[in-house]
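A.B. asks: Structure provided below as C-alpha cells; questions to follow.
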C-alpha cells in the first residue's frame, strides 16, 4: 500500500477525503472488512424482513393479499441473499457504486410495497421505516451519499404510498414526515461524523507509520554511518590492516587469553628498510605502493588467528597467539624472505625491498603488551644497527638476545 504523505482534508458534506488517491487508498484498506460486514448485515436484514411473514399471517391469514405479500418478501429476501454472496466474493466491491446501492434500494422497495399490501398496519410500518432508516445509516457499511439517496427514497416512497393507499389525515402524514426527516437528519450527521472520524484515524495511523518508517530509516542510516566510522577507525586506509588502536585492543585480548591458558605469546615489530630513501628518491606515491605490497605479503603469510596492524609510518606489528620463540622465528624469517622476493616497480628496478623484524616472546604473567612491544622494538633497532634485512629475537631479561644471530 502506498504511503499517505498528504494533509488531512475531508469533504464537509460527504466525509470523504478530498484527494481522490487518498480516498482510494483508504477504500482499499477497509475493503475486506467492509465486504464481510456488508454481507453479514444484508443476511441479517433479509432474515428479519422475512420473519415478518409470521405477523402477516396473523393479520391476513391465508388470503390473496397474504400470498402476494409472502411472494414479495421471498423475492426481497432472495435478492438480498444473492447480493450478500456476490458482495462477499467481489474483491472490487469498494469501486462498484451500483453494488453498494442495490441492496438498500431493494430493501427500501420491499418496505414501501408493504403499505399497499397491508394498509391497516401503518403505525407499525412507520416504526419499521424509522428503524430501517437508522439501519441504513449506521448498521449496513456503505458510502454516505449512497445511504442518503436510498434513505430519502425509502422515506419519500413510504409517504407517497401512505398518502395514496391509507386513509390517513393530512396531519398524520405531516407527523410521519417530520419523524422521517428527523430520522434521516440524525442518521446522516451520525454517519458523517463517523466517516470523518474513521478517516482521521486512518490518516493518523498512516502518518505514524510513515514517521516510524522514516525513524527506522534514519536509525539504519546512522547505524551504517557508525559501522563505516568503526571500520575507518579500525582499519588503516592505505594498507587495509588494523589501525594501531584497534591492533592494541585485539592484541591485548589475545595476551589476556594467553595468560589465562598459560600458552606462549609472540610479537613482531617490522620495519621497512631504507624507507626514507624510497620516498626521497621515487616519491611518496611509490612509498605508499611499497607499504601496500609489503602489508599484503605479511597478511597472506600469517595464520587466521594472528593479528597484524600498521603501527605507524613504515612500521608494522604482529601478534602471534599460542606461538613460542622457535615458531615466531620461523614465521618472521618466512616474512622476511617473501618480502625480499617481491618484484620492484618498473620505476624502482634497482631497488631491492627488505624488512627488519624484531621478535619478543612473552612467557610470564608480569609481561604486559606495552612492555612486549618495547622489547620487540629494541630487538628491531638492534637488527637495523647490524645492517638491516634480518630477524632479531629479544629475550625477556635482556635488551636484545641473539644480537649476533641474525637469520639469513
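A.B. asks: Does residue 113 meet the test of being assigned by TED's automatic domain parsing to the domain that holds residue 195, closer than 24 Å to residue 150 by Cβ and under 43 Å from the mean Cα position of the chain (by Cα)? First the steps, then the outcome.
C.D. replies: On the way: assigned by TED's automatic domain parsing to the domain that holds residue 195: yes; closer than 24 Å to residue 150 by Cβ: yes; under 43 Å from the mean Cα position of the chain (by Cα): no.
Answer is no for this residue.
A.B. asks: Right, here's the next one. So in segment 240-284, with the set limited to residues that are in a loop (DSSP other than H, G, I, E, B) and free of Cβ contacts under 8 Å to residues at least 24 places away in the same chain, which one is surrounded by the fewest Cβ atoms within 10 Å (Cβ to Cβ)?
C.D. replies: Among residues in segment 240-284 that are in a loop (DSSP other than H, G, I, E, B) and free of Cβ contacts under 8 Å to residues at least 24 places away in the same chain, the one surrounded by the fewest Cβ atoms within 10 Å (Cβ to Cβ) is 262.
A.B. asks: Additional query: Checking the structure you have, find out if any residue of segment 96-105 is assigned by TED's automatic domain parsing to the domain that holds residue 184, surrounded by fewer than 18 Cβ atoms within 10 Å (Cβ to Cβ) and within 24 Å of residue 180 (Cα to Cα).
C.D. replies: Looking for residues that are assigned by TED's automatic domain parsing to the domain that holds residue 184, surrounded by fewer than 18 Cβ atoms within 10 Å (Cβ to Cβ) and within 24 Å of residue 180 (Cα to Cα), one finds at least one in segment 96-105, hence yes.
A.B. asks: For segment 311-331, what are the residues that are in contact (Cβ under 8 Å) with a residue 12 or more places away in the chain, surrounded by fewer than 16 Cβ atoms within 10 Å (Cβ to Cβ) and part of a helix (DSSP H, G or I)?
C.D. replies: 327
A.B. asks: Shifting gears a bit: Among the residues of segment 19-36, are any surrounded by fewer than 16 Cβ atoms within 10 Å (Cβ to Cβ), at pLDDT 90 or above and in a helix (DSSP H, G or I)?
C.D. replies: So far as segment 19-36 goes, yes, one or more of its residues are surrounded by fewer than 16 Cβ atoms within 10 Å (Cβ to Cβ), at pLDDT 90 or above and in a helix (DSSP H, G or I).
A.B. asks: Any residue that is in the same structural domain as residue 151 (by TED's automatic domain parsing), under 30 Å from residue 28 (Cβ atoms), surrounded by fewer than 16 Cβ atoms within 10 Å (Cβ to Cβ) and within 52 Å of the chain's Cα centre (by Cα) - is there at least one of those in segment 65-76?
C.D. replies: No: segment 65-76 contains no residue that is in the same structural domain as residue 151 (by TED's automatic domain parsing), under 30 Å from residue 28 (Cβ atoms), surrounded by fewer than 16 Cβ atoms within 10 Å (Cβ to Cβ) and within 52 Å of the chain's Cα centre (by Cα).
A.B. asks: So, one more: Is it true that residue 108 is in contact with a helix residue (DSSP H, G or I) (Cβ under 6 Å, 6 or more places away or on another chain) and assigned to a helix (DSSP H, G or I)?
C.D. replies: Considered against the rule, which asks whether it is in contact with a helix residue (DSSP H, G or I) (Cβ under 6 Å, 6 or more places away or on another chain) and assigned to a helix (DSSP H, G or I), residue 108 comes out as yes.
A.B. asks: Quickly run through segment 374-390 and pick out the residues that are surrounded by fewer than 19 Cβ atoms within 10 Å (Cβ to Cβ), in a loop (DSSP other than H, G, I, E, B) and in contact (Cβ under 8 Å) with a residue 40 or more places away in the chain.
C.D. replies: Result: 388, single match.
A.B. asks: While we're on this one: Residues to consider are 325, 319, 299, 340; find the one that is touching a strand residue (DSSP E or B) at 6+ places or on another chain (Cβ under 7 Å) and farther than 20 Å from residue 245 by Cα.
C.D. replies: Matching residue, one of 325, 319, 299, 340: 325.
The values are calculated or read from the model by the stated rules, or taken from the named source; none is laboratory data. Bear in mind the structure is a predicted one, so any value in this text is a computation, not a measurement. Positions of Cβ are backbone-derived with ideal geometry, glycine not excepted, and every protein chain shown enters the neighbour counts.
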